[in-house]
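Only one structure is covered here, and it is reproduced in the block below.
The values are calculated or read from the model by the stated rules, or taken from the named source; none is laboratory data. In this text the structure is predicted, and so the values were computed from the model without any measurement. Every residue, glycine as well, gets a Cβ built from its backbone with ideal geometry; the counts of neighbours run over all protein chains shown.
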């Protein structure tokens, strides 16, 4: 339970880093949260499903902003597999796939369809690094759209912060 609380804090910090345009830090925080929540799900704690979904979405936004479109596509697909009605994943997936098509060109349709393996993540990031901030505007818009969706977890983070000083 303590690890899941720390993961909630990391996920909320990822959201804050997205809003501050600190995309590398956001991805790292979301990675931490994803790992803990996935372990909790594997241990049978169904309550970890919603926070895991949020962590995937935040990591996808950070990855897209960093030019790591394939990673964003993968996270969006994981989120949709867990919750097919998640409109935030659907919207971000279409943006991530469009960015991936730009990065990979003619190979993208085969990769997106699963007929050929994706390139190493670093190849996609390197290819887009010289293209400016094409992914950043998408991630910025997405992070602003989702600002109000975390009231419960943001409150939990405040409780953690208050409790940490008192303990």
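Quick one: residue 109 ticks every box in (1) closer than 22 Å to residue 11 by Cβ; (2) at pLDDT 50 or above; (3) over 14 Å from the mean Cα position of the chain (by Cα); (4) part of a helix (DSSP H, G or I) bar one, so which box is it?
Here residue 109 meets the rest and fails (1).
Out of curiosity, is residue 143 crowded, with 22+ Cβ neighbours inside 10 Å, at pLDDT below 50 and assigned to a helix (DSSP H, G or I)? I'd like the intermediate steps shown before the answer.
On the way: crowded, with 22+ Cβ neighbours inside 10 Å: yes; at pLDDT below 50: yes; assigned to a helix (DSSP H, G or I): yes.
Against the criterion (crowded, with 22+ Cβ neighbours inside 10 Å, at pLDDT below 50 and assigned to a helix (DSSP H, G or I)), residue 143 qualifies.
Please find, among 67, 79, 71, the residue that is farther than 14 Å from residue 9 by Cα and not in a helix (DSSP H, G or I).
Values: 79 fails: not in a helix (DSSP H, G or I); 71 fails: not in a helix (DSSP H, G or I).
Going through 67, 79, 71 in turn, the sole match is 67.
For every residue, the table says whether it meets (1) surrounded by fewer than 18 Cβ atoms within 10 Å (Cβ to Cβ); (2) closer than 19 Å to residue 112 by Cβ.
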residue	(1), (2)
1	yes, no
22	yes, no
41	yes, no
49	yes, no
58	no, no
81	yes, yes
91	yes, yes
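Does segment 19-39 hold any residues that are under 15 Å from residue 68 (Cα atoms) and part of a helix (DSSP H, G or I), and which are they?
Once the filter is applied, which keeps residues that are under 15 Å from residue 68 (Cα atoms) and part of a helix (DSSP H, G or I), segment 19-39 yields 23, 24, 25, 26, 27, 28, 30, 31.
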